[in-house]
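To keep things clear, I will list the structure first and then write my remarks on it.
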Amino acid sequence: DGQSGMSALSITPLTRNAWNYIVTTISGTTGSVSYNGNTVNIGTVAASGDVSTTLKLGEYTNGSYNFNGSIDEARVSNVVRTTGWIKTQYNNQSSPRTFYTIGGQESRTAQTVKFGTTTSTDTKPIWYSESYGYRKKFTIDYRKVAGGSNLTNFPVLISHTDSDIRTTANGGKSASGSGEFVITSSDGKTVLPHEIESYSATTGEIIAWVNVTTLSATQDTSIYMYYGGPSAGGATNQNKTGTWDGNYVGIYHLGNGSTLSVADSSPSGNNGTNSGTTATVGKIGPGAGSFDGNDRIALGLTNYTTSQNWTIEAWVNTSVADGNYHIIANYGDAFSGSGNSPTIVENSANQWEVQSWGCAANCQAGSSVTTNTWIHVVGTGDSSNAIRLYLNGSLSAGPKTVDNTPITPAYSAIGSSAEATPAYYFTGKIDEIRISKTNRSAGWITTEYTNQSFLRTFYMIGGQEKRNP
């Protein structure tokens, strides 16, 4: 209660066993109570003059109404704090990580150092090009890089909404939109390949994948995004195929706003063929595939010899768990032929499973399927004929020894088996299918999941830097 005399203003209900931020103010006969930064009650209270009494926390001045719980950071002021002050205090104290950004360490250049014939008292930053006016620094937390070893040519997801990178017509600093962006390594000069999955000129939302040459597990990795450059005139600085290393044989984002895209972003260029799948809201980017139990996407991976080392992965949101097989994706003739045909499925025991030919049903079952929930499902195979299943970045089952002999498949598919007459259709949503001809490490898979699930803690974004002439 915000109380003066016998009058009271109340808020209900408080959340028990959780921290609640409560502020009460009194100005004359007007009182207010704020809860978690928002004013929830304003009213008239009994006026009182100045009094002298003992300040107490946790009980009334006469020793009654004892509090049972925890109290922290109590403040008493002889002025009425504004609603803006109260809201800003709450934002600062409840979520410091989003309240401010911390730039990287800057070192001072000695005054004896000269640039040309001019003595400098500051460090001249390296800038990608004088035609670009602005940049922002993304600092990736090395503690989020799993496995203890550096990752090479790792595709980092950048998903960020920023008013600064809106086009100039919409109040931002971007001259022409997504075509002008350049992303560099920490030296500010070396260009890193990137693919933009979506960009909004009006909101400044960008969703992009960046090939970071070395993602360090021992020190933070920094990259720069440049904007405010010359008008692209329809050109683009993207390097889609360069974003994905040569071990990828299929990258399917399955998104393009309201229209489903089955294009392959990998260097292999194995575009798919859609048979009835529609677009829906995805886990990542502007869309995903919606499968109704009778449609599929046939992949262009025919006549491409499989390898003993492979990885197949997807974000999956299933609608059914009915005791039947439902195939998410397969790289080869699943359930027919011999040799390895990597497949991730929802199996007859209502569990996630990774298969290769010669592996009996349920051979690689993991956690039970939870419907209407996005989960990151990854299957791998290696040269020792062992396959493994990873769920949400963690090893769920395996290794399991199977027949992992390379084959040349005639079919591959998303959302069904891969035969000419498909079966085992999937019902639900699928996003971000990736197929590799290498056995991705546990550290790689965990880092992928962390990057794609916890962006706010994976990297930190510095403030806008402006180039001075």
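The values are calculated or read from the model by the stated rules, or taken from the named source; none is laboratory data. Since the model is a prediction, treat every value here as computed from it, not as a measurement. For neighbour counting, all protein chains shown are included, and Cβ atoms are generated from backbone atoms with ideal geometry for every residue, glycine included. What goes into the accessible areas is simple: the full protein's heavy atoms, side chains included, and nothing from ligands, DNA or RNA. Shrake-Rupley method; radii C 1.70, N 1.55, O 1.52, S 1.80 Å.
Brief remarks follow.
- For the peptides 133-139, 450-456, the ranking by mean Cβ contacts within 10 Å, running from highest to lowest, is 133-139, 450-456.
- For segment 171-251, the relative contact order comes to 42 percent (Cα pairs under 8 Å, sequence separation of at least 6).
- Nitroxide proxy distance, nm - points 7 Å out along Cα→Cβ at Ala169 and Tyr21: 3.9 nm
- Gyration tensor (alpha-carbon) shape descriptor, segment 406-469, a/c threshold 1.5: prolate
- Only protein heavy atoms count here; under a 1.4 Å probe, Ser367 has an accessible surface of about 60 Å².
- Relative packing of 164-170, 273-279, 195-201, which averages over residues the other C-beta atoms within 10 Å, highest first: 195-201, 164-170, 273-279
- The modelled label-to-label distance for the pair Ser441/Ser149, using points 7 Å beyond Cα in the direction of Cβ, is 0.4 nm.
- Reach of Lys240 by Cα under 14 Å, taken over aspartates and glutamates that are not fewer than 8 positions away in the same chain: Glu195, Glu197, Asp264
- Residues Ser367 and Leu14, FRET efficiency given R0 of 60 Å [Cβ-Cβ distance, rounded to 0.05]: 0.95
- Each peptide in 89-100, 387-398, 310-321, 20-31 receives the mean, over its residues, of other Cβ atoms within 10 Å, and ordering these scores from highest gives 310-321, 387-398, 20-31, 89-100.
- Filter on Lys173/Lys466; Lys136/Lys189; Lys144/Lys429; Lys87/Lys283 - keep pairs with C-alpha separation over 22 Å: Lys144/Lys429; Lys87/Lys283
- Remark: the Cα gyration tensor places segment 136-232 in the prolate category, a/c being 1.5 or greater and a/b exceeding b/c.
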